[in-house]
Structures are given as structure tokens and as C-alpha cells.
Amino acid sequence: MIITVVGARPNFVKAAPIHSAFLKAGVQHEICHTGQHYDDAMARVFFEDLGMPKPVVDLGVGSGTHAEQTAAAMIGLERFLTAQRPRAVLVVGDVNSTLAASLVTAKLGIYTAHVEAGLRSGDWSMPEEVNRVVTDTLVDLLLTPSEDADRNLLAEGFSRDSIVQVGNVMIDALQQHLPAAKKLQMPERLGLRTGRYAVMTLHRPSNVDDPAVLGRILGAVARIASRVPVVFPVHPRTRAQASSAGLGDRLEKTAGLITMQPLGYLEFLSLTSAAQIVLTDSGGLQEESTVLGIPCLTLRENTERPVTITEGTSVLVGSDPEKIELEANRALDGESGAGRRVPRLWDGHASGRIVDAVLARLTDGK
Ligand code: UD1
């Protein structure tokens, strides 16, 4: 048996095509959920939308500090994996559950592959950067989404042998589910005109935990919302921080800003695929916008996904309200986001290459 460990929303999207590809290859594959994300809207709906089976186990880790979350996931995973003894484990992305799983498998001596290896923002203040660097150090096989990731790993001294560029598995999910997502007609259901609205997501601690930063971003968003409707499914962390910072009213009462609970995968894809622009601090959405050809304002100072800038539609705007507004206006006026290319191997077939790479190593006895 091969097991993929997932914990948080972006992991589910990457695990779904991997699960299908293992089944297609006739290999028994199970999903182990740490339970880091536990709300129906953050977890269950993704399993349903993506056609994944229920996880074989949910370790019920839940929220907590980084140490609490990582430690709880490690304890649960150690017990579970010791009992299961899988032939191999796949860890995906850069969340605390990814780090926990790779620490456990390294010590249990279970062959482990990291999907989305090699991405680096160079920003050590991001918890995800710590998770990425440590995970890559611990695993046996580094499955990368793009050339820059290979270069990062080689520069850090990893051997060429341990790296396989497989492409971006999130795009497999996007391609598989785009037709069904479009059928949901989310823009129409919200009274929006196709190509005449913005979609926003925001959840990074650097943007939402400091009331001054969050307030400045919401100020810029209010000005953009006076030009086009801005649809904003609000992450639980962001809602909690906004309300404790006294910014709850700004979420509810800003003209043109349409807030709602987090959406499922298909509903959200239905919305983004027909948007005029995207504003986000999510890594996955930078990638999806690039493939959909929709200008993406990335509300970060740096990105571990530079190809979304050099080849795709993303532009870094940080949290400076003037820059956010300026770039939004440029994108709404059709002055940016043109000339995009879809990066190599972001072709909907990454999951097949992941399965091939893992099975080849297991047969080699490595
Ligand atoms: C995590 C990942 C981040 C990823 C994001 C996607 C880490 C370090 N971060 O951040 O890389 O981009 O998931 O969403 O692993 N909460 C709920 N219900 C849930 C989940 C979370 O209410 O189902 C709330 C809780 O108040 C929790 C907070 O959101 O404390 C943050 O959740 P957490 O899992 O710690 O990190 P995210 O910010 O979601």
C-alpha cells in the first residue's frame, strides 16, 4: 500500500489526481488526513468535489500553535504508519502536516516522496518556507513542479538522482474539474457578469494577523470594489482576525465587496475561471490564475512560485495599498497579464508522472 498524507485545503487538491493515478496503475493507495483543516467548508467539501474517497483515517489534529499542530500530527502519524507499514508515503506541499509526516517517515525508515519539492521564497519568516526546506532535507525523492525548483535543490546540494521534474499536479485537478465547475454558473448565481468582477482570497499571517496591515489592504480593496464587484470568500483565520481587530464591519459593509464563507473547490473554480482579475496571497491560486490566463495580483513581497511571474499572469504587489490599487487598475484596463505562457509540464499529466517516478524507484529497490 502507498499512502498520501494530507492536512490542509491545498493538499486535498493535489492528492486527488495522485489518488486516481495510483488506482489507474493498479496500486493500492489510501489518503491519510491529519485533520489540520477540519471544518466542512475547509475539508469535507473538497473530498466530495474532487471525487476522493473518505480518508482511511482522520487523526483529528485540528488547530493550535505550530508546535502543537506539528506534534499532534507526528504522534498520530507515528502510530498510524507503524501499524500500516506502507511501501511508500507521499507528502504534498508545505503545510505543518507535510513537515510532521516527513519527520515521522524519516525516523520510521519509510520511503517518502515530496510532491512540490524545491520551491523557495527565500523568506524565512514564512512558516511554509521552514516546512519546505526541512521536508526536502528529510525525504528520499524530490518531485518538482518547475525548473526553478530543480535549480534550487541542486544549488542546495541535493543530488540530481533524487530529483524528478513532474510538473504541477494542481493543474491536473483544474483540467479535470473545469467543465463541471463551469456548469455551476457561480457568477450568474451571485448576479455577476462574466469577466466583470474580481475574486479575492487572503489568509497569510503576514497579511491578516497585524490589524494595521489588514486595514490597509481592506482600504485598497474598498477602492477597487467601487470599480468592480470583489467576491471574497473569507478564510476562518481572516474572519477571526478581522473581528478581533474591529474590522468586521469593513468586511460586511464595504460597497461592492461581497463576502461569504469559504467555498468548495468547484464553486470557487467556477468563480475564478470567469473573473476579470484575482487578488490573492495563496500559492495555488497564483498557479491556477496563470493557467486560466487571468491577471493575478499577488499580495506578497516574494513568492516561491516565480514562474507565475516570469511566464504567468502574476504580479507581486505586497500589502502596499497604492501598489495594489495601481496594479488592479492596470489589470482592469487590460494593461497587464497579457503574453502569458503556461509553464512546462503544467499540462494535466503530472499525477501520472508522479506515479511513474515513485513506482520506478520502488522497483529499483531504492
Ligand atoms: C494552512 C497552511 C497554509 C495554507 C493554508 C490554506 C500551515 C503552516 N499553513 O494555513 O500554508 O496556505 O492552510 O488554507 O500549515 N481554522 C478553522 N477551521 C479549519 C481550519 C482552520 O476555523 O478547518 C482556523 C482556526 O482558527 C485556525 C486558523 O484557521 O487556528 C488557521 O488554521 P491553520 O491550519 O493553523 O493554518 P492556515 O492559516 O489555514
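Number of residues in the range 80-94 that are among the charged types (D, E, K, R) and either touching a strand residue (DSSP E or B) at 6+ places or on another chain (Cβ under 6 Å) or away from the ligand (no atom under 16 Å from the Cβ) (or both): the value is 2.
Would you confirm whether any residue within the range 27-43 is under 18 Å from the mean Cα position of the chain (by Cα), among the aliphatic types (A, V, I, L, M) and open to solvent by 30 Å² or more (accessible area, probe 1.4 Å)? The answer is yes, given that some residue of the range 27-43 is under 18 Å from the mean Cα position of the chain (by Cα), among the aliphatic types (A, V, I, L, M) and open to solvent by 30 Å² or more (accessible area, probe 1.4 Å). When every residue of the range 178-190 is checked against the conditions, none turns out to be among the basic types (K, R) and surrounded by 17 or more Cβ atoms within 10 Å (Cβ to Cβ).
Checking the structure you have, find out if any residue of the range 154-161 is under 16 Å from V358 (Cβ atoms) and either crowded, with 20+ Cβ neighbours inside 10 Å or in contact with a helix residue (DSSP H, G or I) (Cβ under 9 Å, 6 or more places away or on another chain) (or both). The answer is no; no qualifying residue exists. The residues in the range 263-310 that are under 22 Å from V45 (Cα atoms), among the hydroxyl-bearing types (S, T, Y) and in contact with a Cys (Cβ under 8 Å, 6 or more places away or on another chain) can be counted, and the count is 2. D136 meets the conditions (1) under 17 Å from the mean Cα position of the chain (by Cα); (2) open to solvent by less than 10 Å² (accessible area, probe 1.4 Å); (3) within 16 Å of the ligand (Cβ to nearest atom) in every case but one. The failed one is (1).
Given the range 163-266, what helices (runs of 4 or more DSSP H) lie entirely inside it while holding 1 or more residues that are more than 25 Å from V342 (Cα to Cα) and not assigned by TED's automatic domain parsing to the domain that holds G51? Lay out the reasoning, then the answer.
Details: elements: 169-183, 186-189, 205-208, 211-225, 236-244, 248-253.
Filter on the range 163-266 gives 186-189, 205-208, 211-225, 236-244, 248-253.
Looking at this structure, is G51 within 9 Å of the ligand (Cβ to nearest atom) and open to solvent by 10 Å² or more (accessible area, probe 1.4 Å)?
Details: within 9 Å of the ligand (Cβ to nearest atom): no; open to solvent by 10 Å² or more (accessible area, probe 1.4 Å): yes.
No; evaluated as a whole, the condition is false for this residue.
Among the residues examined, A220 qualifies as in contact (Cβ under 8 Å) with a residue 12 or more places away in the chain and among the hydrophobic types (A, V, I, L, M, F, W, C). The residues of the range 100-113 that are within 25 Å of the chain's Cα centre (by Cα) and either under 11 Å from V134 (Cβ atoms) or open to solvent by less than 20 Å² (accessible area, probe 1.4 Å) (or both), listed by number, are A100, A101, S102, L103, V104, T105, A106, T112, A113.
All told, E335 falls short of being modelled with pLDDT of 95 or more, part of a loop (DSSP other than H, G, I, E, B) and either within 18 Å of the chain's Cα centre (by Cα) or within 20 Å of V221 (Cα to Cα) (or both). Of all the residues in the range 304-319, those that are in contact (Cβ under 8 Å) with a residue 60 or more places away in the chain and either open to solvent by 10 Å² or more (accessible area, probe 1.4 Å) or among the small types (G, A, S) (or both) number 4.
Checking the conditions here, which among S97, S20 is buried (at least 16 other Cβ atoms within 10 Å of the Cβ) and away from the ligand (no atom under 12 Å from the Cβ)?
Details: S97 fails: away from the ligand (no atom under 12 Å from the Cβ).
One residue alone meets the criteria, S20.
The values are calculated or read from the model by the stated rules, or taken from the named source; none is laboratory data. Treat the numbers as computed from the prediction; the structure is a model and nothing was measured. Methodologically, a virtual Cβ is constructed for each residue, glycine included, from the backbone with ideal geometry; neighbour enumeration extends over all protein chains shown. Side chains included, ligands, DNA and RNA excluded: accessible areas come from the protein's heavy atoms. Shrake-Rupley method; radii C 1.70, N 1.55, O 1.52, S 1.80 Å.
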